[in-house]
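The values are calculated or read from the model by the stated rules, or taken from the named source; none is laboratory data. Nothing here was measured: the structure is a model prediction, and the numbers come from that model. Reconstructed Cβ throughout: ideal geometry from the backbone, glycine too, with neighbour counts over all protein chains shown. Accessible surface is based on the protein model in full, side chains and every heavy atom, while ligands, DNA and RNA are left aside. Shrake-Rupley method; radii C 1.70, N 1.55, O 1.52, S 1.80 Å.
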Amino acid sequence: MKINVKHIAKLANLPLSVEEEIKFEKQLLEILSYVEKLKKIDTKNAKITSQITGLENVTSEDKASPSLTQDESLSNSKSNHNGLFKVPKIL
Amino acid sequence: MSLNTLSIKKAREGLSKRQFSSVELVRACISKIKERKNLNAFITVCEKEALEKARQSDKKIKDRIDLPLLGIPISLKDIYLTKGIRTTAGSKVLDDYIPQYNATVVKKLEDVGAIIIGKTNCDAWAHGSSGENSDYGHTKNPWSEAHVPGGSSSGSAVSVAAKMSFASMGSDTGGSIRLPASFCDVVGLKPTYGRVSRYGIVAMASSLDSIGHFTKNTDDSALMLSVTAGKDLNDSTMPSKNVESYESYLRRGVKGVKIGIPKEYFALGLDKRIKDNVIKSVKSLEKEGAKIESISLPNTEYATACYYIIQPAEVSSNLARYDGIRYGSARQNFGDEAKRRIMLGTYVLSSGYYDAYYKRAMQVRTLIKKDFDEAFKKVDVIITPVSPTLAWKLGEKTSDPLLMYLSDIYTVTANLAGIPGLSVPIGFIDDLPVGMQILGPQFSEGKLFQVGKAWENINL
C-alpha cells in the first residue's frame, strides 16, 4: 500500500513540513492497513447509508428573515476593504 | 453540604424556596473552578457575566417566575457558538474567534433561565478520545490527575464531575460524551441523531454529530434533554418527532423490560474487571424484573474501520471552510490530529479511492444499522461496556493514533446507526470510574432514562 502524502496535502490545501510528511505517511499507512479489514465483508447487495434520518429534499419557505449586518459579518475578518472581505488574488 | 454538589432538581427546589440564591450557586461553582484550576477544564470562565445573570435570576425568582433552569450555572463545550464570547473549538485556528450569534441550543438554554458559567476545554475540533489534543493543554481526570478524563468533551465531563457546573453540554460523534462520562463518574447522554439541533455548533462529521450533555444523575439528564430537544428550522437534518415527557419514564422501573447483551461487546480485548462489573449490574437489573437476553450484532468488528473512513471524510469536508479569510487563522495552525484526519478524509474521497474506501464504508454502515434494527425487534434496550479499558495514563497513547482510535470500539456503532446511548456510572476499579452503556432504538431516550434510573435506584 502506498500513500502520496505530498499530493494529498496539496489536494487538502494543507501546508506540511518535510518532517510532518514523513511522520504522517507512517501513521496514515497504519490506519489505512487497519481499515483494510472492510474488504473482508460481502457488500454486494448492501445499499449505501450516507445519513440515517431518511429525510429527503428538506426545504424552507422562500422568505427573507433578519440576518447579520455588514459590520457584524466582517467582525472576525483580519483583512477587509470598503465593507468587503479581502481575499488573495486567484487569477 | 456545598451548594455545587446538588443536583439540578435539588438546586431548583432550594432556589424557589429561597433557601439560597443563584448568586451563591454561581459563587460555589466559580470557587471550585479556581480551586481545581490545575485540571484545566475550562478555556474561558465567564465569572462577571455569570454573576450578573445570577443577580437577575434571583430577582426573577423573587417575582415567582418559574423556568426549568432558572438560576442554574451550566457550562458548554467550547465548540458551541456563544454570541460575544470567544469560541475556540480547542484550536489555535479559532484563537480569536468571537461568534456573532448563538447556537440554537445555547438560545434554548438561556430561554429557560440557564446561566453560562464558562466554555470547557476539549480535543481540538472534537477530535480525540482523551482530551489531549487540545491546543490549550490537556485536561486531567479529577479522580486521578495522572489519568486522562476521556474525550473529546473532556472539560465538560470534568466540570460536572468536579462540581464546577450543574450540567455541561458536549458533543458525541463517536463516543465523545459517553467515554468521558464513564471515565469521570457522571451521566452522559448521546441523543438520537437529529433529536437536538446542531446549528451553531462547530461541525465535525455532519452525519454522525449528536448534541448531548453531562449531568450528575439520570433525572437531570432527562430534564436537560427536555429543554434542548426539538425541531429547529436552521437544522434540516431533524425529523419531525415530538419531544416526549422524559420525566414520565423515570419512575417506571425495569419490570418486563427486555435487555439484550451483545456477545461481541464482551469478547477478547475487554478488561475482565469491567466485564464482571457490567454483568453484575445487568444481573441486579434482572433481579428487579428485567428480562436478559443474549444477542448478536455480527458486524461490530467492522465498526471502527467503517467509522474511521466516514468520519475523516466528513471532517475533511467540514474543515475545508477554514481558510482564514472570514474568520480564524491560516491552515498551518491546525494541530496534528486535525491534519491527520483532513488527509485521511481527502485520501478516501480522492479519485480512484472513493469506491474502495468511502463507498464501501457507507455500505458497511448499512449492515451495522441493520444489526441494530434486527436486535431491537427482540429487545427494548442493549447494555454494553462504554470502554474496553479503564482511563489510561496521560501520554500513554498520544504517539499511536490508531491505538487511540480503538478506544472508541464500543461507542462508534451508535453514531453510525444514529441511535441514542446513555452512559451511567457503575462503580470504581483501582480508584478509576467505570461506566455502562445503555443503547436503544432511534428516539427511545425515555426508555434509556427508565433503565438508567432503575439502576440508580438499586444503588441508593
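Just want the answer: with Cβ charges of +1 for Lys and Arg and -1 for Asp and Glu, which residue in B:PHE443, B:SER294, B:LEU81 is farthest toward the dipole's positive end in region B:3-458?
B:PHE443
Hey, which aspartates and glutamates would be in cross-link range of B:LYS48, C-alpha to C-alpha under 16 Å, not counting anything within fewer than 8 residues on its own chain?
B:LYS48 reaches B:GLU24, B:ASP58.
Can you give the average number of partner chain beta-carbon atoms within 10 Å of each beta-carbon in peptide B:232-240, as a whole number? Kindly include the intermediate steps, with their values, before the conclusion.
Numbers: counts 0, 4, 1, 1, 6, 5, 3, 5, 1.
Rounded to a whole number, the mean comes out at 3.
Among the trypsin sites (Lys or Arg not before Pro) in region B:1-79, which ones are in a DSSP loop with at most 12 other Cβ atoms within 10 Å of the Cβ? Mind listing them?
The qualifying sites are B:LYS17, B:ARG18, B:ARG64.
Cα atoms only, region B:3-458: Rg and Dmax in Å?
In order Rg, Dmax, the Cα atoms of region B:3-458 give 20.6, 67 Å.
Per the Kirkwood treatment, what hydrodynamic radius in Å, one decimal, follows for the protein assembly as shown from the mean inverse distance over all distinct Cα pairs?
On the way: mean 1/r = 0.0422 Å⁻¹.
So the Kirkwood estimate lands at 23.7 Å.
If the limit is 19 Å between Cα atoms, which of A:LYS47/B:LYS258; B:LYS59/B:LYS119; B:LYS258/B:LYS453 go over it? Let's see the in-between values first.
Working: A:LYS47/B:LYS258 30 Å; B:LYS59/B:LYS119 25 Å; B:LYS258/B:LYS453 16 Å.
From the list (A:LYS47/B:LYS258; B:LYS59/B:LYS119; B:LYS258/B:LYS453), the Cα-Cα distance tops 19 Å for A:LYS47/B:LYS258; B:LYS59/B:LYS119.
Which far-off residues, 5 or more places away or on another chain, put their amide H under 5 Å from the one on B:THR44, with H placed in the peptide plane?
Under 5 Å from the amide H of B:THR44 lie the amide H atoms of B:LYS119, each far enough along the sequence or on another chain.
Could you give each residue of region B:62-68 its phi-based ³J(HN,Hα) in whole Hz, using Karplus coefficients 6.51, -1.76, 1.60 with θ = phi - 60°, and x for Gly or Pro?
Taking θ as phi minus 60°, the curve returns 4, 7, 6, 7, 10, 10, x Hz for region B:62-68.
Exactly which trypsin sites (Lys or Arg not before Pro) in region B:202-253 are in a DSSP loop and have at most 12 other Cβ atoms within 10 Å?
Working: sites: B:LYS216, B:LYS231, B:LYS241, B:ARG251, B:ARG252; in loops: B:LYS216, B:LYS231, B:LYS241, B:ARG251, B:ARG252.
Qualifying residues, ordered by number: B:ARG251.
Taking the alpha-carbon distance from A:LYS6 and a cut-off under 20 Å, which lysines remain once sequence neighbours fewer than 8 residues away in the same chain are dropped?
A:LYS23, A:LYS26, B:LYS339
Past 20 Å, Cα to Cα: identify those pairs from B:LYS9/B:LYS283; A:LYS10/B:LYS359; B:LYS190/B:LYS263; A:LYS2/A:LYS39; B:LYS216/B:LYS287; B:LYS34/B:LYS163, in the order given.
Values: B:LYS9/B:LYS283 29 Å; A:LYS10/B:LYS359 23 Å; B:LYS190/B:LYS263 22 Å; A:LYS2/A:LYS39 17 Å; B:LYS216/B:LYS287 25 Å; B:LYS34/B:LYS163 12 Å.
Pairs exceeding the cut-off: B:LYS9/B:LYS283; A:LYS10/B:LYS359; B:LYS190/B:LYS263; B:LYS216/B:LYS287.
Could you give me the percent of Cα pairs per 5 Å distance bin for region B:218-309, shortest bin first, beginning at zero and ending with the bin that holds the maximum distance?
Binned Cα distances yield the sequence 3, 10, 12, 13, 15, 17, 18, 9, 3, 0.
Report Rg/Rh for chain A, rounded to two decimals, where Rg is the Cα radius of gyration and Rh the Kirkwood radius. Please list the in-between numbers first.
Working: Rg = 22.4 Å, Rh = 19.4 Å.
Value, to two decimals: 1.15.
Kindly provide the helix-only [θ] at 222 nm of the protein assembly as shown, computed as the sum of -39,500 (n - 2.57) over DSSP H runs of four or more divided by all residues, to the nearest 500 deg cm²/dmol? Spell out each step's value before the answer.
Working: 17 runs with 193 residues, N = 551.
The helix contribution divided over the protein assembly as shown gives -10500 deg cm²/dmol.
With r defined as the distance between the Cβ atoms of B:ASP355 and B:ASP400 and R0 fixed at 30 Å, what FRET efficiency is calculated, to the nearest 0.05?
Between B:ASP355 and B:ASP400 the formula returns 0.55.
Counting only DSSP beta bridges with both residues in the protein assembly as shown, what percent are antiparallel, rounded to the nearest 5? Before the final figure, lay out each step's value.
Numbers: 34 of 48 bridges.
Approximately 70 percent, going by the DSSP bridge assignments.
Using θ = phi - 60° and the Karplus relation 6.51 cos²θ - 1.76 cosθ + 1.60, list the HN-Hα couplings for region B:133-142 in order, rounded to whole Hz, with x at every Gly or Pro.
After applying 6.51 cos²θ - 1.76 cosθ + 1.60, I find 8, 6, 6, 10, x, 6, 9, 9, 6, x Hz.
Excluding ligands, DNA and RNA, what is the solvent-accessible area per residue of region B:385-460 at a probe of 1.4 Å, expressed in Å²?
Values: 2130 Å² over 76 residues.
Result: 28 Å² per residue.
So how far, in whole Å, is the C-alpha centre of region B:24-67 from the one of region A:14-42?
45 Å
Kindly write out, for region B:326-333 in residue order, the coupling ³J(HN,Hα) from the Karplus curve 6.51 cos²θ - 1.76 cosθ + 1.60 (θ = phi - 60°), rounded to whole Hz, with x marking Gly and Pro.
Each residue of region B:326-333 in turn: 7, 6, x, 10, 5, 5, 5, 7 Hz.
Taking Cα centroids, how far is region B:123-193 from region B:387-460 in Å?
Taking the Cα centre of each part, region B:123-193 and region B:387-460 sit 12 Å apart.
Could you pull out the longest piece of chain A with no exposed loop trypsin sites (Lys or Arg not before Pro) in it, calling a site exposed if DSSP puts it outside H, G, I, E, B and it has at most 16 other Cβ atoms within 10 Å?
Details: sites that count: A:LYS2, A:LYS44, A:LYS47, A:LYS63, A:LYS78, A:LYS86, A:LYS89.
Longest stretch, sites excluded: A:3-43.
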